[in-house]
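Have a look at the structure below, then the notes.
The values are calculated or read from the model by the stated rules, or taken from the named source; none is laboratory data. Bear in mind that the values here come from a model prediction, so they are computed numbers and not experimental data. Note that we place each Cβ from the backbone using ideal geometry, even for glycine, and neighbour counts take in every protein chain shown. Please note that ligands, DNA and RNA were not included when accessible areas were found on the heavy atoms of the full protein model with its side chains. Shrake-Rupley method; radii C 1.70, N 1.55, O 1.52, S 1.80 Å.
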Amino acid sequence: MMKKEHNAVLEIVKFGNKKNDTDKLLAVLENDTLNWIEILGYLCYHRVAGLAYETINAVNVRKLDFPVFFAIYMIHQSQSIRTELQKEYIKSISSALRNANIEHVFLKGAVLSNTIYPVGARAFNDID
């Protein structure tokens, strides 16, 4: 059986939360028996705090404990800055490869962070 904090994390990171899931998300955010520091730890450890911010913000929910919300907001903002910088590096690398007539394609996080996921929602550490 999963801990209630584990279930909460899974509910919070459901990207693009549908309107019919809003009630579930609200129930999680309003649950005062959850250990939000533990949840924040899971979100950070699994590098999904930015995604959690996007999900919570998409339903315009401000019920979350402010220090936890502020932490995921700041993670999202820093990931946004980093993603924008990495996008510039990718353009530069791509240009150099193209000028050298080297066929190339970028994979995984470098692509996902700028296409499928909103900027700041997904972190990546390298460029594949």
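Tabulated data
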item	result
Unique match (being open to solvent by 80 Å² or more (accessible area, probe 1.4 Å), at pLDDT 85 or above, closer than 22 Å to residue 109 by Cα and out of contact with any helix residue (DSSP H, G or I) (no Cβ under 9 Å at 6 or more places or on another chain)) among 93, 81	81
Residue within the range 50-60 that is touching a residue at least 40 places away in the same chain (Cβ under 8 Å), assigned to a helix (DSSP H, G or I) and of a type in the set (D, E, K, R) present	yes
Selection within the range 62-78 - of a type in the set (S, T, N, Q) and either open to solvent by 90 Å² or more (accessible area, probe 1.4 Å) or not in a helix (DSSP H, G or I) (or both)	none
Failed item in (1) more than 19 Å from residue 7 (Cα to Cα); (2) under 14 Å from the mean Cα position of the chain (by Cα), with residue 96 passing the rest	(2)
All positions within the range 96-128 that are in contact with a helix residue (DSSP H, G or I) (Cβ under 7 Å, 6 or more places away or on another chain), closer than 24 Å to residue 57 by Cα and of a type in the set (Val, Ile, Thr)	119
